Amino acid sequence: MHTENRTEKAATNRPKIMVVDDDPDLRHALNVRLRANHYEIVNASDGFSALALAQKEHPNLIILDLGLPAGDGFLVLRNLKTFPSLALTPVIVLTARDPQANAQRTLNSGAIAFFQKPADNNELLSVIRMSLEAASSPATPRLPA
């Protein structure tokens, strides 16, 4: 008699979030928070590997830094839109860059939200939840910056 392991099955149905940041401490902290909220995590530390990993893993959402080696966040945003399977993937930008100079450009480039580091954890998690819910509906609204 075969019994189904519900824990394993539930784990495979968790939303997958890709964290793209060159700071290993920040990636680790985000990973801990996101896993505690039942998300599956994949990580990239530069623009080039982010694009390759996104094509391989097809995350449900991407958290993206702008200041990256091997292709900055704007390049990643632009290139994600060229892949049909990734073009509608919600991207939340989390960066140390100045919001006055970058928030609107980020949103115009296709991100759905902009956070300046350090971000409020509860607010970031709330936007992640709303973004994943919106992405599963027919039309994906842009969230406020």
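The values are calculated or read from the model by the stated rules, or taken from the named source; none is laboratory data. Since we're looking at a predicted model, the values are computed, not measured. Because the Cβ atoms are built from the backbone with ideal geometry, glycine has one as well, and the counts that use them run over all protein chains shown. Note: areas computed on protein heavy atoms with side chains; ligands, DNA, RNA excluded. Shrake-Rupley method; radii C 1.70, N 1.55, O 1.52, S 1.80 Å.
Here the chain is treated with +1 on each Lys and Arg Cβ and -1 on each Asp and Glu Cβ, and its dipole about the Cα centre works out to around 360 debye. Highest average first, the peptides 45-52, 116-123 ordered by how many other beta carbon atoms sit within 10 Å of their residues are 45-52, 116-123.
Between L80, L26, L66, the residue with the greatest mean-square fluctuation in the GNM of the chain (Cα pairs under 10 Å linked by springs) is L26. Overall, the accessible surface of the chain at a probe of 1.4 angstrom is composed of carbon and sulfur to the extent of 52 percent.
As a ratio to 2.2 N^0.38 Å, the alpha-carbon radius of gyration for the stretch 36-145 is 0.98.
Normalised by the number of residues in the chain, the average gap of Cα pairs under 8 Å and 6 or more apart makes the relative contact order 19 percent.
Relative to the longest principal axis of the Cα atoms of the chain, the long axis of helix 24-36 makes an angle of roughly 40 degrees. Think of the chain as having a plus end and a minus end, set by charges on the Cβ of Lys, Arg, Asp and Glu; of A113, A70, T89, T89 sits farthest toward the positive end of this dipole. Based on protein heavy atoms only, the stretch 1-128 ends up with 53 Å² per residue of surface accessible to a 1.4 Å probe.
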